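Undergrad: This structure is in structure tokens; I'll ask about it shortly.
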Amino acid sequence: MSRLLRGIIAAAVVVLIIAGIWQWREYGTKQDLRDDALLYFDEEDYSKTIQYLESALDRHSLFAGRLNHDMTCYLAESYYQLEDYEEAEAIYDKLIASDSKEPRYYQLKGRCARDAGDYKRAMDIYSQGWEATEDSMFLKDICDIYLEQGDYENALSFTEQGIAAGGDNKGDFMYQKVIIYERSQDYEAAYEAVQEYCELFPNDEDAQKERTFLSTRI
């Protein structure tokens, strides 16, 4: 190996070592800023939280992938707490782009739209979440909005979809069906629905009481 080549390799090694040290220092600085941000977050000083988180995220370190993700989640929540729903949604869009199968991002983005009073957009977000993740709780979120609006027909439609989807949430949807019929004052249908629920969940004392109550309304 020539002296020139050895010199180039040695110089490259030195550069890599210096770069590695710099990257670790940047990581440490980011971690310190993140720790300070969370102190303000715990104190509910969300403006200060945002200031420190954004300062940390502006710093670059090859080792900070998970740390950046953690801070980005706190940043979105901080904007939400300040009722800056538009900015919070923009951050959740980035999180969804990085992991489109994570239900939580759609849930939190939908929460922003819902709290902003844009129920149609909230339902669109929940629909996107359902299509991307097949988590049936998105169907319940849509159903809840229709229930709040007194739209029992659509609420029932999404509840039936939830029942058909099965899984761990099936019981929740079956009981939701009882609530919808009761609120729409279709007590006979509500009684039939609670009967079906009690057959599958005989140990649910609240459902047993509901069945007794509904039996007096038909």
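Please treat every number below as a calculation from the coordinates, not as lab data. It should be emphasised that the depicted structure is a prediction, and the values quoted were computed from it without experimental measurement. Counting neighbours? That spans all protein chains shown, and the Cβs are built from the backbone with ideal geometry, glycine included.
Undergrad: What is the residue count in the stretch 159-204 for residues that are farther than 20 Å from Asp144 by Cβ and assigned to a helix (DSSP H, G or I)?
TA: Here the count works out to 9.
Undergrad: Against the definition (under 22 Å from Phe138 (Cα atoms), buried (at least 19 other Cβ atoms within 10 Å of the Cβ), β-branched (Val, Ile, Thr) and within 31 Å of the chain's Cα centre (by Cα)), how does Val194 come out, yes or no?
TA: For Val194, the condition - under 22 Å from Phe138 (Cα atoms), buried (at least 19 other Cβ atoms within 10 Å of the Cβ), β-branched (Val, Ile, Thr) and within 31 Å of the chain's Cα centre (by Cα) - is not met.
Undergrad: Residues that are crowded, with 21+ Cβ neighbours inside 10 Å and over 15 Å from the mean Cα position of the chain (by Cα): find the helices (runs of 4 or more DSSP H) completely inside the stretch 39-138 holding 1 or more of those.
TA: Correct list: 46-58, 65-81.
Undergrad: Please verify whether the stretch 51-68 includes one or more residues that are within 22 Å of Ala113 (Cα to Cα) and out of contact with any strand residue (DSSP E or B) (no Cβ under 7 Å at 6 or more places or on another chain).
TA: no
Undergrad: Against the conditions (1) within 23 Å of the chain's Cα centre (by Cα); (2) closer than 17 Å to Gly110 by Cβ, where does Asn154 fall short? Just the number, please.
TA: (1)
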